[in-house]
1. In straight Cα distance, which aspartates and glutamates are under 18 Å from LYS194, not counting same-chain residues fewer than 8 positions off?
2. Can you tell which of THR33, THR307, THR269 shows the greatest fluctuation in a Gaussian network model of the chain with Cα springs below 10 Å?
3. For the chain, what are the DSSP H helices with axial Cα length of 24 Å or more and mean Kyte-Doolittle hydropathy of at least 0.5?
4. Ranked highest first by the average count of other Cβ atoms within 10 Å around their residues, in what order do 277-287, 68-78, 221-231 fall?
5. Return the long-range amide H neighbours of SER271 (sequence gap of 5 or more, or a different chain), with a cut-off of under 5 Å between placed amide H atoms.
6. Can you tell which of LEU111, GLN156, LEU30 lies farthest toward the positive end of the dipole of the chain, using +1 and -1 charges on the Cβ of basic and acidic side chains (Lys, Arg; Asp, Glu)?
7. Which label belongs to the value computed from this structure, given these candidates for Rg/Rh (Cα atoms, Kirkwood Rh): (1) 1.01; (2) 1.14; (3) 1.09?
8. What are the semi-axes of the equivalent ellipsoid for segment 206-321, taken as the square roots of 5 times the Cα gyration tensor eigenvalues, largest first, in whole Å?
Amino acid sequence: MTLALQQDGSATRKVKRSNLSSARLRAAWLFLTPMMIALAAVAGWPLLRTIWLGFTDANLIDLSESQFIGFENYLAFYDGEAYGVLVDAEWWNAVWNTLWFSVISVGLETLFGLIIALILNAEFKGRGLVRAAVLIPWAIPTIVSAKMWGWMLHDQFGVINEILLGVGIISEPVAWTADPSTAMWAVIMVDVWKTTPFMALLTLAALQMLPGDIYEAARVDGINPIRVFFKVTLPLIRPAIIVAVIFRSLDALRVFDLIYVLTSSSTSTMSMSVYARQQLVDFQEVGYGSAAATLLFIVIALLTTITVVAGGLKSGEGDQA
């Protein structure tokens, strides 16, 4: 008798939990639906239209006269010669530039962001003021910071050259953003300066969520702080760092404004976005430029998927957390 009542009570509780989960699920969809509709209108339709235009010979002069040409913008053969984005040397140069920029800039930002976050997580006088000051570069609009650094890196009257000449590091002014050997490094330096605070902010948020008792136990046991960092801190904040890297990689792979303002359409720094813009606007080849933009979307989607899988951010792991 008692066992039967317990089983009935357990079944009732399971039904209630199931009903509660269903209600929460319906409420979640209710709140998400307007956002998904707005996202589909703002992002989905332009994306689909761009993909479609990539299969046409659309020209900026008159889009209404465009005709469907299949994959000719991507790859086509005429009289034994290959044409299209996939065999364009400038496109592959832009792909290499974008990947190089993304790997180096995101890597440096992650490293510097982690160091800054560890410093800001410590207790010291004026910590709040320092935290606010660190965010200033990130708060400045990219166009403004790029233009500011463009003047500072100017070969004739830039303050960077004046400082380096004054201390004897260089013997003559350097055209940092015009010289192909230094242009990409100049762009990376500016991007690291601007976006490191973003990585530091996300890492700091993860650090502040860590329980303090594990560090107290480590101090009592006399464990070396460096070992504590690599064995305790880093594994615990790893998911947050991976999320930050994914966000930054998405931004870095589609970089446009920073490179365009600093170096315009220079082949030494041209990214995939700058290449697509050049085809769309300068050459007015909307179909060809849309094909390049579609390839950019595919590259970003593939690399993001690889990063997520390699980082171990799977749904099951997230549920366990």
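Each reported figure results from applying straightforward, stated rules to the coordinates on display, with no laboratory input. Model, not experiment: these values are computed from the prediction. A quick note on method: Cβ atoms are made from the backbone with ideal geometry, for glycine too, and the neighbour counts reach across all protein chains shown.
1. GLU109, ASP251, ASP257
2. Taking springs between Cα atoms under 10 Å, the residue moving most is THR33.
3. Qualifying helices, which must be both long enough and hydrophobic enough, are 89-121, 180-208, 234-253, 286-311.
4. 277-287, 68-78, 221-231
5. none
6. Projecting each Cα onto the dipole axis, the largest value belongs to LEU30.
7. The calculated read-out lines up with (3).
8. The equivalent ellipsoid of segment 206-321 has semi-axes of 44, 17, 9 Å.
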